[in-house]
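Each remark here refers to the structure printed beneath this line.
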Amino acid sequence: MAAGPPVKSPRLVLVICYIGFISLGLPDTLIGVAWPSVRETFQLRQSDIAWIFAGSGCSYFISSFFAGRLLKLTNVGMLLAASSGLVALSGFDYALARAWPFFAAGSLLHGLGSGAIDSGLNHYVASHFSARQMNWLHACYSVGAMLGPLLMTAMIASAGSWRWGYMIVAITLLLLAALFLSTQSHWADNANAGSGDQAAPQLPSEEPAVTAGSALRQPLVWLLIFLFFVYTGLEVAIGQWSYTVLTETRGIEPKTAGFSVTIYWASILFGRIVFGFIVDRIGIDRILRLSTVTALAGTALFAWNPAPAAIPVSLALAGIGLAVIYPCLMTRTPQRLGKQTAAHAIGFQVAAAMLGAAALPSGTGFIPQYAGLPAVAIAILAAALVLFFLHEALLSSEREKQGRSTRP
C-alpha cells in the first residue's frame, strides 16, 4: 500500500485529538454523580444501574472490535465525526428521556460512539505521533473523567437537575463532531507526522492487506489482547475496591480513605503528564518494564499494609506504575505489528480493555464471599503479577521474532 499524503497541520490535528479525549472522558463519569437523582426520578432499584453498564459495555465492545474494518471504509475524521455524533445523541437522550427504558437505551448509543472514538484516536496517534503525545492523549482522558463529576455536581447544585449536566455534555460532543467533520481533510492515514517532537518510527509503506481474521491468527495480537484485558481490569479494580478495603477491614476513616483513592487517580494523571516528557529518551519498552515493576511494588505494599502511613504511598506507587502502560502499549502496536494489522489490533485491544474493566472488578466482588474482604488486596497483587509476566512474555516473544528475522 503506497503511503498517502502527509498530515496537514499536525499541531492542529494533535490539539483536536486532545480535545477529543477530554470529551471522551466527560460523559463516562457522569452517571456516578447523577445516579441517585436518576434513580429517584424513575423510581428505580440500586441494581438497575447494571443496565447502563451492560448496555454501554456491550456496544462499546462491538464498535471498538470492528473499528479497524470501519477505518478501511472511511477516513478517520469522518469516523470520529459520526462517533461523536452518536455520543451527543446519547447525551440528549439521557437529558430528555421521560421513561426509564428510553434513558437506558441511551447507553447503547454512548457505547457505540465512545468505542469508535477510543479506537480511532488511539490508532491515529499511535500511527502518526510519538509515545509522548500518546501519554498526553490519555492524560486528557483523565482530565475529562475528573471534570465530568464536577460538572454534574455543579448542575445539580445550581440548576437543581441532573438533566442539565447531560445536556451540556451533549452539546459539547455535538460541537466536537462538527469540528471533526470540518477538519477531515487534515486527517491523513498513511504518513507519520510529528509536532516538533520525536515521531514514531517510520512503518513499512508496503504491507499486504490484513483482515480482522488474519490479525487474530497472530499470537502476538492475542498476547496484546490479554495484556490490555489485565491492565484495565487491574486499574479499575484498585480504584473501585481500595476504598472498601480500607474502610471495612483496616479501620481507616472514610475521609482518609477517600483521600488515598484520590491520590491513586491523581498519580495516573500525573504519571502520564510527566512520563510524556521523558518516554522518548528512556525508550518505550524500558519504561514499560519499569512501570510494571513499580505497579507490582505498589500493589505488594498495599497488600502487606505495614502501617497506615504506607497506604497513600502504596496507591501512589500503583498509580504511577500503571499510568503509562496503556498509552505506551498503544504506541508500540503499529511498530510491532505494522499499520495494516494495527488498524484491527488496536480495536481488539480497546475491546479487551473494556471487557477487563468490567470483568475483573466484578469478579473481585465474589472473593469476599469465599475468602473474606482482606483477600481482595491479595487478588489485586496477583493481577499485577500477571501483568508483569505478560509484558515480559511480550518482550521475549518480540526478541525471538527479531532473532528469526535476522537468521540467514
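Some notes on this structure:
- Computed from the C-beta positions of Thr211 and Arg250 and an R0 of 45 Å, the FRET efficiency is 0.30 to the nearest 0.05.
- Highest-MSF residue in the chain out of Pro374, Pro219, Pro27 [GNM, Cα springs under 10 Å]: Pro219
- Heavy atoms of Cys17 accessible to a 1.4 Å probe, total area in Å² rounded to 10: 0
- Residue-normalised accessible area of the stretch 33-77, expressed per residue, 1.4 Å probe, Å²: 55
- Within the accessible surface of the chain, defined with a 1.4 Å probe on protein heavy atoms only, the carbon and sulfur portion equals 69 percent.
- In the chain, helices alone account for a calculated mean residue ellipticity at 222 nm of -27500 deg cm²/dmol, with every DSSP H run of four or more residues adding -39,500 (n - 2.57).
- Using a probe of 1.4 Å, the accessible surface attributed to Phe102 totals some 130 Å² when neighbouring protein chains are kept in position.
- Extension gain, Leu175-Ala99: 0.36 nm per intervening residue step, less the Cα-Cα distance, totals 24.7 nm.
- Ranking Lys255, Lys72 by solvent-accessible area of protein heavy atoms (1.4 Å probe, all protein chains present), from largest to smallest, gives Lys255, Lys72.
- For the residues Met134, Met146, a 1.4 Å probe over the protein chains yields an accessible-area ranking, largest first, of Met146, Met134.
- Cα-centre dipole for the chain with unit charges at Cβ (Lys and Arg positive, Asp and Glu negative), debye to 20: 480
- These residues, Glu235, Glu400, go from largest to smallest accessible area, 1.4 Å probe, as Glu400, Glu235.
- Span-like helix ranges in the chain, DSSP H, alpha carbon extent 27 angstrom or more, Kyte mean at least 0.5: 10-28, 76-96, 131-158, 163-182, 219-249, 254-282, 284-304, 339-364, 375-406
- Simple spin-label estimate for Ser182 and Ile282 in nanometres, 7 Å along Cα-Cβ: 3.9
- Using heavy atoms of the protein chains and a probe of 1.4 Å, the accessible area assigned to Thr331 is about 0 Å².
The values are calculated or read from the model by the stated rules, or taken from the named source; none is laboratory data. Fair warning: this is a prediction, and the values are worked out from it, not measured in the lab. Using ideal geometry, Cβ is built from the backbone for each residue, glycine included, and neighbour counts are taken over all protein chains shown. With ligands, DNA and RNA removed, areas are computed over all heavy atoms of the protein, side chains included. Shrake-Rupley method; radii C 1.70, N 1.55, O 1.52, S 1.80 Å.
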